[in-house]
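The values are calculated or read from the model by the stated rules, or taken from the named source; none is laboratory data. Since the model is a prediction, treat every value here as computed from it, not as a measurement. Note: ideal-geometry Cβ built from the backbone for every residue, glycine included; neighbour counts use all protein chains shown. We work out accessible area using only protein heavy atoms, side chains counted, and drop any ligands, DNA or RNA first. Shrake-Rupley method; radii C 1.70, N 1.55, O 1.52, S 1.80 Å.
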Amino acid sequence: MIIGIDLGTTNSLAAYINNGKPEIIINERGNRITPSVVNFKKDDSVLIGELAKNQQIVNSEATITNIKTNMGQDIQFPIGERSYTPVELSALILRKIKIYSEKYLGIPIKNAVITVPAYFNDNQRQATLKAGILAGFNVLKLLNEPIAAALAYGVGRKLDEHILIFDLGGGTLDITLMDYKKNLFRVLATGGSTSIGGINFDKALSDFVLHEFQKQYSINLKEDPIAYQQILIHAEKAKIDLSSVEETRIFIPYITATEKGPIHLDVTITRNKFESIINEYLKSTEKLIEETFNQFKLNSSWMNSIIFAGGSTRIPSVERTVVSTIKRLNGKGKINVYHDINPDEVVAEGAAILAGILSGELEEIEFYDITSHDLGIEDNNGSFITIIPKGTSYPCENVKLFTTAEDNQEEVIIHVLQSGVNGNEREYVSLGKFRLSNIAHAKAGEPNIDVRFSIDRHEIMNVSAVNLDTGTIKKVSISGKDWLLTGDFRERRGRGLKII
Ligand SMILES: Nc1ncnc2c1ncn2[C@@H]1O[C@H](COP(=O)(O)OP(=O)(O)OP(=O)(O)O)[C@@H](O)[C@H]1O
Ligand SMILES: [Mg+2]
């Protein structure tokens, strides 16, 4: 048995194939999704999911949320005398999923497919892989979330050929254009933002509530962490209400007090007001869809269908914005809008479908993805030279000719880099370094050195440098398993924590 896991910013869940169909695994509380929240107790136990989320107000210093937005970064979350990396925290969430899945299915689970955002760079993917291994999984594949959503809709039923996948979750917006023909999925263009998501809407709505309260009582509740936490939690609830009703009210009794006595917070919000509060995000969304469309020279009326994924696509104005933008870009073309799969669950279902394909339960399909970042090397001036640009469909291979910078230079160092750290395309992640030595003495600029980058179907990148004058070859495979052997990682693996 292989399970598919959607490790989300806000919520995580798992699914498996039962009688040829994906089915969500229910957690021990009877719920289909588990909040991606971790809370450390004073003893050596740790709460994960709903239990941890319930501690957010009373015990906020020991509660960690939005871990996924920090994946791949070198940071630590201090809790008491210990501190935890995003990898360790994600591993705790994955362990929780492993435990409840084993209980639900009644068998030990070892193998998993885990989904990641399409924009994740190599560091963020490696971090996710590490978290999976640390949790005791054998991670067979990291699957891009939009592809997972497309698999959930496309496998086993007839989909139209040209699809936009619009995934707006808690932390991020992912926009993907794909085509689909006879069990072959091909990603054509990707776009999105790491600063548009449900959390941003919650914060914007909280700011409005704080402002209203301040107008009424001249008290700034943002300075009171417990009050602010409460407002954030109520703002999320109000936002969710406003997806189905036109008006809601946030009422928090005894939120603060003055010498005159306790004060209650009581603010009414209409759907219209909420829409104006998130309007700047809607405008950015429109622009990002347009940019993604323009990456690829599409005929008007190219698009056939839209797939919605992510809890935030339940907001009526989000759906309206996406549909109207696509209609405008697509001219007279007819658009089918798919939302018959629960947007919270579609990514996990897709992960389960891939798990089913890998285990042989489902029919084989093929999918071709594109690179999400520029890949290249550093030249002698420290500048980045692109070899495989962002958006290249793979499997692929690109070669560039280099030479030496100094007379009689005997070796060159090939430093492989990937663009984009935390959404900044001008910052680089180092993927590996190697030397090509024994270059015959010659004037600067005379030796001919071919640097070849290739990416295979399994997303493994090989980089080689060939001295064309002598035929000397040096190669590295950037498959990223080297870290498995490092002492630091093995040590951390041993840290025992009791999961509740
Ligand atoms: N009915 C609703 N109306 C508005 N927002 C909703 C609704 N249901 C859920 N959400 C929001 O959706 C977000 C969670 O969506 P989802 O579970 O898809 O995110 P995620 O997968 O954890 O995040 P990401 O994909 O960014 O990693 C939360 O911000 C939540 O408040
Ligand atoms: Mg998601």
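A few remarks follow.
- The set of residues in the stretch 224-267 that are in contact with a Lys or Arg (Cβ under 8 Å, 6 or more places away or on another chain), assigned to a loop (DSSP other than H, G, I, E, B) and more than 24 Å from ASN54 (Cα to Cα) comprises VAL245, GLU246.
- Total residues in the stretch 268-306 satisfying the condition of being open to solvent by 20 Å² or more (accessible area, probe 1.4 Å), of a type outside the set (Phe, Trp, Tyr) and part of a loop (DSSP other than H, G, I, E, B): the figure is 7.
- Positions within the stretch 121-179 being of a type in the set (Gly, Ala, Ser) and over 16 Å from the mean Cα position of the chain (by Cα), in sequence order: ALA135, GLY136, ALA152, GLY154, GLY156
- From ILE97, ILE67, ILE93, ILE25, residue being farther than 23 Å from GLY197 by Cβ and open to solvent by less than 10 Å² (accessible area, probe 1.4 Å): ILE25
- Output for the stretch 125-157, where each listed residue is of a type in the set (Lys, Arg) and part of a helix (DSSP H, G or I): ARG125, LYS130
- Condition broken by ALA227, with the remaining ones in (1) open to solvent by less than 20 Å² (accessible area, probe 1.4 Å); (2) closer than 20 Å to THR313 by Cα; (3) small (Gly, Ala, Ser) satisfied: (2)
- Qualifying residue in the stretch 328-341 (condition: within 16 Å of ligand 2 (Cβ to nearest atom), touching a helix residue (DSSP H, G or I) at 6+ places or on another chain (Cβ under 7 Å) and not in a helix (DSSP H, G or I)): yes
Residues checked against (1) touching a Ser or Thr at 6+ places or on another chain (Cβ under 8 Å); (2) modelled with pLDDT under 95; (3) within 14 Å of ligand 1 (Cβ to nearest atom):
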position	(1), (2), (3)
VAL113	no, no, no
ALA118	yes, yes, yes
GLN124	no, yes, yes
THR128	yes, yes, yes
LEU143	yes, yes, yes
LEU151	no, yes, no
VAL155	no, yes, no
GLU161	no, yes, no
ASP167	yes, no, yes
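- The set of residues from the stretch 2-21 being away from ligand 1 (no atom under 16 Å from the Cβ) and either crowded, with 16+ Cβ neighbours inside 10 Å or in a strand (DSSP E or B) (or both) comprises ILE2, ILE3, TYR16, ILE17, ASN18, LYS21.
- LEU47 vs. criteria assigned to a helix (DSSP H, G or I) and not charged (D, E, K, R): no
- If you filter the stretch 171-204 down to residues that are within 11 Å of ligand 1 (Cβ to nearest atom) and touching a strand residue (DSSP E or B) at 6+ places or on another chain (Cβ under 7 Å), you find that the one that is nearest to GLU291 (Cα to Cα) is GLY192.
- Of the residues making up the stretch 93-116, those that are over 24 Å from the mean Cα position of the chain (by Cα) and either more than 22 Å from VAL46 (Cβ to Cβ) or touching a residue at least 40 places away in the same chain (Cβ under 8 Å) (or both) are LYS103, TYR104, LEU105, GLY106, ILE107.
- So GLY49, is it open to solvent by 10 Å² or more (accessible area, probe 1.4 Å) and away from ligand 2 (no atom under 14 Å from the Cβ): no
- A single member of ARG457, ARG426, ARG435, ARG452 is basic (Lys, Arg), open to solvent by 30 Å² or more (accessible area, probe 1.4 Å) and outside any strand (DSSP E or B), and it is ARG457.
- Any hit, the stretch 13-23, residues being out of contact with any helix residue (DSSP H, G or I) (no Cβ under 6 Å at 6 or more places or on another chain), assigned by TED's automatic domain parsing to the domain that holds LYS110, within 30 Å of VAL429 (Cβ to Cβ) and within 16 Å of ligand 2 (Cβ to nearest atom): no
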